[in-house]
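Asker: Before we start, here is the structure in question, set down as structure tokens.
The values are calculated or read from the model by the stated rules, or taken from the named source; none is laboratory data. Just so you know, these numbers come straight off a predicted model, no measurement behind them. All Cβ positions, even for glycine, are placed from backbone atoms using ideal geometry, and neighbour counts span all protein chains on display. Ligands, DNA and RNA are excluded from the accessible area calculation, which covers all protein heavy atoms including side chains. Shrake-Rupley method; radii C 1.70, N 1.55, O 1.52, S 1.80 Å.
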Amino acid sequence: MFLESPVTEIKSIGEERSRKLSKLGIFTVKDLIEHFPRDYEDRSQIRNISDIQINEENTFIGKVKGVPDDIRVKNLRMIKAKIEDSTGKVTAVWYNQPYMKKAFKEGVDYIFTGKAVKKYSRIEIQSPEFEVVSENDTLSGGRIVPVYPATSGISQKILRGLIKDTIDATGNQLCDFMPLWVRKQYKLCDRNFAIQNIHFPENNDSFFIARRRLVFEELFILQTALLRMKTAFKENKKGIVFENTKCINDVLDILPFNLTDAQNKVLGEIMSDIKEGKAMNRLVQGDVGSGKTAVALVVAYMAIKNGFQSALMVPTEVLAGQHYEFFSEMFGKLGIETVLLTGSLKKKEKDLILDKVKTGQAKMIIGTHAVIQENVEFYNLGMVITDEQHRFGVRQRGTLSEKGNNPHVLVMTATPIPRTLALILYGDLDISIIDHLPPGRQKIDTLGVNSSYHDRIYGFIKKEVDRGRQVYIICPMIDDNDKLDVQSVTSYTEKLKNEIFSEYSVECLHGKIKPKEKQDIMDRFSRNEVNILVSTTVIEVGINVPNATIMLIENAERFGLAQLHQLRGRVGRGNEKSYCILVSDSKSKVAIERVKMMTKSSDGFEISEMDLKLRGPGEFFGTKQHGLPEMKIANLYKDMDILKEAQKAAFDIIKYDENMEKEENELLLRELQNIINVDKVNI
Ligand code: ADP
Ligand code: MG
């Protein structure tokens, strides 16, 4: 039997059972032994029947006396068995399980676990779990018992049995892909011990030892896989030195504002990377509106003034257009040519721009994914900046860097990523945080309401628009390819246009609209020719229209908290009081909790920590498409310390065997493959 074998290789698993197991995500033998308990019950204490405690779970051993009674009361069928040990007797009862009548053999010791309740003057044990007492491997009692994620038709008892059988079948022969030196250095137990004791811990200590090993392993594998993907990753890579750093004063002079202390601090960190002569590889995190663009502008300028080209890659055409406007206005004053490279350019225009990029006439290149296409050649790319970079795959980031000769890399994101996740995802990057907003920003009032408030909300919107303000209305999009849902945005827009806001200008924006048209709508919105913009989350990133003061989000429960926070950041960008209204009819506790969190906090980091806690990393980015595997055992909240160690180990292993060619890492390499869907990792 191999770990990759389908579960049907196991004796007690046929087609039917395998179908049910698949609902738990269990397909292979490996999946089964890595189906870790979600909890444990300490049933190590075995009581005498005379010591059974009312209203508690009790574990006891006894023999069943005679044939159980079969009692019918209306629709209810009860099987009652008398159980005794040397200290007393007790009755166990099962409801609507007629087969219990024949479940017991005379004279055999069984171990039972169940809740005791008082019925009249007698004690009854409610539907106890039970099994024959055996010398060494009693699973359901007399020990710490695992509690698994289960599904209908696959009870705890069945799962315990299946997993036990499977572990036994592997015969302590699981190969350990963790290199020996890692195990030694970090004091990790052997894999067999870990698997055995995570399911059936001998005692508390062995459980913790097992768990530590498995958490470490999971984080180590993830981290190593991510590091391997980051093709640009190199220890102490030499970088281009920019001799002239004073030049940044030119651009600081023409900016319409002074940089904040937070912006200056980050700029300082960037400058010191460059002065040190290493290739910068830095992530700048800053809440929406914190002014990342200005930092990018200064950094790009420095590279250009030192004779290199700078590129800025963004995930959407709308955002590219907006950045282009700002950069070309600023750089225009300094005699620097900025070009915009997007997929929607006509061939002729494109060829012209490509030529300018190649000859070095264009110094500042702004674009979408179009800038990493094969046919784009740079003259001398020295600075690579990606904005809202969680939208890009790690690969795409790498591809752009490879278009230069060891360019400096700056990645910017407004997604406030919780510390643990940031460490995992950006383990190879230095991190700078713009930790406060420019002055004069107002707190955005956030309210959570249900849809019965719609009339009042519409009234409020009219009032704001009459005062000259603008409004965003966001509808959820379940899936990028979901036509139906685009339909819902358009039909909602129709309703708003025709019935509710007929005297206003209402436009609709979604992913299926052609880039040109999208740009046109955005431009008109920027010029306040459109009052109300109904949209899917395509506007989530980066859009800057200071005159917009209301962000209305429908079905708020469908969005990730971090995403809601990003959306909220689209308003409150000017001097006017701004509002974010979250509409949700969801009754789910988590959904209500999340909306409450939004109304309470305006701190992106706090919100993202909460989001991670409430929903887990799988849904953290508001979509399951980010390509990271679900954690099986590690808790990104609690296992920070182990994460740091695992990360260190991952760095070390990549350092000494970057391509995993060494023989001793062969097993590890196999484990690494398939863990991450590389093309989907969007971090
Ligand atoms: P983000 O970090 O979300 O990309 P932007 O760079 O778009 O934020 O900046 C948001 C707004 O703040 C812009 O209108 C920008 O002009 C303004 N801004 C940026 N830095 C400053 C500053 N130091 N002082 C005043 N306004 C600033
Ligand atoms: Mg931005």
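Asker: Being closer than 26 Å to Pro68 by Cα and either touching a strand residue (DSSP E or B) at 6+ places or on another chain (Cβ under 6 Å) or open to solvent by 50 Å² or more (accessible area, probe 1.4 Å) (or both) narrows it down to one of Ile125, Ile158, so name that one.
Answerer: Ile125
Asker: Quick check on this structure: which one of Val132, Val108, Val147 is open to solvent by 60 Å² or more (accessible area, probe 1.4 Å) and aliphatic (A, V, I, L, M)?
Answerer: Val132
Asker: Same structure, new question: Here's a check for you: in the range 305-317, which residue that is surrounded by 23 or more Cβ atoms within 10 Å (Cβ to Cβ) and over 21 Å from Met522 (Cβ atoms) is farthest from ligand 2 (Cβ to nearest atom)?
Answerer: Among them, the one singled out is Phe308.
Asker: Which ones in the range 328-353 are of a type in the set (S, T, N, Q) and part of a loop (DSSP other than H, G, I, E, B)?
Answerer: Within the range 328-353, Thr342, Ser344 qualify.
Asker: Let me ask something else. Report, by residue number, each residue of the range 249-294 that is farther than 22 Å from Ile607 by Cβ, more than 8 Å from ligand 1 (Cβ to nearest atom) and among the polar types (S, T, N, Q).
Answerer: Within the range 249-294, Asn249, Asn264, Ser272, Asn281 meet the criteria.
Asker: Among the numbered criteria (1) away from ligand 2 (no atom under 16 Å from the Cβ); (2) touching a His at 6+ places or on another chain (Cβ under 7 Å), which single criterion is violated by Ile270?
Answerer: All conditions are met except number (2).
Asker: Turning to a different aspect of this structure: Tell me the residue from Ser344, Ser290 that is in contact (Cβ under 8 Å) with a residue 24 or more places away in the chain and under 28 Å from the mean Cα position of the chain (by Cα), please.
Answerer: None of the other options fit; the residue is Ser290.
Asker: Suppose the filter is farther than 24 Å from His510 by Cα, outside any loop (DSSP other than H, G, I, E, B) and open to solvent by less than 40 Å² (accessible area, probe 1.4 Å); does Asp273 pass it?
Answerer: In short, yes.
Asker: Something else now. If I ask for residues that are open to solvent by 10 Å² or more (accessible area, probe 1.4 Å), over 15 Å from Gly289 (Cα atoms) and under 22 Å from the mean Cα position of the chain (by Cα), which ones from the range 522-556 would you list?
Answerer: Thr537, Val538, Asn555 - these are the residues of the range 522-556 that are open to solvent by 10 Å² or more (accessible area, probe 1.4 Å), over 15 Å from Gly289 (Cα atoms) and under 22 Å from the mean Cα position of the chain (by Cα).
Asker: Go through the range 243-264 residue by residue and tally those that are over 22 Å from Gly382 (Cα atoms), more than 16 Å from ligand 2 (Cβ to nearest atom) and without any contact (Cβ under 8 Å) to a residue 40 or more places away in the chain.
Answerer: The qualifying residues number 3.
Asker: For the range 303-317, name all the residues that are of a type in the set (Ser, Thr, Tyr) and either in a strand (DSSP E or B) or over 28 Å from the mean Cα position of the chain (by Cα) (or both).
Answerer: Once the filter is applied, which keeps residues that are of a type in the set (Ser, Thr, Tyr) and either in a strand (DSSP E or B) or over 28 Å from the mean Cα position of the chain (by Cα) (or both), the range 303-317 yields only Ser310.
Asker: Follow-up. Residue check, Ser290 against (1) open to solvent by 10 Å² or more (accessible area, probe 1.4 Å); (2) assigned to a loop (DSSP other than H, G, I, E, B); (3) farther than 20 Å from Gln361 by Cα; (4) among the small types (Gly, Ala, Ser), all met but one. Which one?
Answerer: (1)
Asker: Among the listed residues Ala320, Ala300, which satisfies the condition of being assigned to a helix (DSSP H, G or I), at pLDDT 95 or above and either of a type in the set (Phe, Trp, Tyr) or open to solvent by less than 40 Å² (accessible area, probe 1.4 Å) (or both)?
Answerer: Only one candidate passes the filter, namely Ala300.
Table: residues versus (1) over 27 Å from Gly440 (Cβ atoms); (2) touching a residue at least 24 places away in the same chain (Cβ under 8 Å); (3) of a type in the set (S, T, N, Q); (4) not assigned by TED's automatic domain parsing to the domain that holds Arg524.
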{"position": "Val284", "(1), (2), (3), (4)": "no, yes, no, yes"}
{"position": "Ala296", "(1), (2), (3), (4)": "no, yes, no, yes"}
{"position": "Ala300", "(1), (2), (3), (4)": "no, yes, no, yes"}
{"position": "Asn306", "(1), (2), (3), (4)": "yes, yes, yes, yes"}
{"position": "Ala311", "(1), (2), (3), (4)": "yes, yes, no, yes"}
{"position": "Val314", "(1), (2), (3), (4)": "no, yes, no, yes"}
{"position": "His323", "(1), (2), (3), (4)": "no, yes, no, yes"}
{"position": "Met330", "(1), (2), (3), (4)": "no, yes, no, yes"}
{"position": "Thr338", "(1), (2), (3), (4)": "yes, yes, yes, yes"}
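Asker: Also, I was wondering about something else. May I ask you to list the residues in the range 75-94 that are of a type in the set (Gly, Ala, Ser) and under 18 Å from Glu129 (Cα atoms)?
Answerer: Result: Ala81, Ala92.
Asker: With the condition being within 31 Å of the chain's Cα centre (by Cα) and among the polar types (S, T, N, Q), I'd like the helices (runs of 4 or more DSSP H) fully within the range 161-269 carrying at least 2 qualifying residues.
Answerer: Per the criteria, 191-199, 204-229.
Asker: Check Ile79 against each of (1) touching a helix residue (DSSP H, G or I) at 6+ places or on another chain (Cβ under 8 Å); (2) open to solvent by 10 Å² or more (accessible area, probe 1.4 Å); (3) hydrophobic (A, V, I, L, M, F, W, C) and name the one condition it does not meet.
Answerer: (2)
Asker: Can you tell me which residue is most open to solvent (accessible area, probe 1.4 Å) among those in the range 557-584 that are modelled with pLDDT under 90 and more than 16 Å from ligand 1 (Cβ to nearest atom)?
Answerer: Looking at the filtered set, the residue picked out is Arg558.
Asker: Tally time: how many residues in the range 180-206 are touching a residue at least 40 places away in the same chain (Cβ under 8 Å), buried (at least 19 other Cβ atoms within 10 Å of the Cβ) and more than 19 Å from Val29 (Cβ to Cβ)?
Answerer: Here the count works out to 2.
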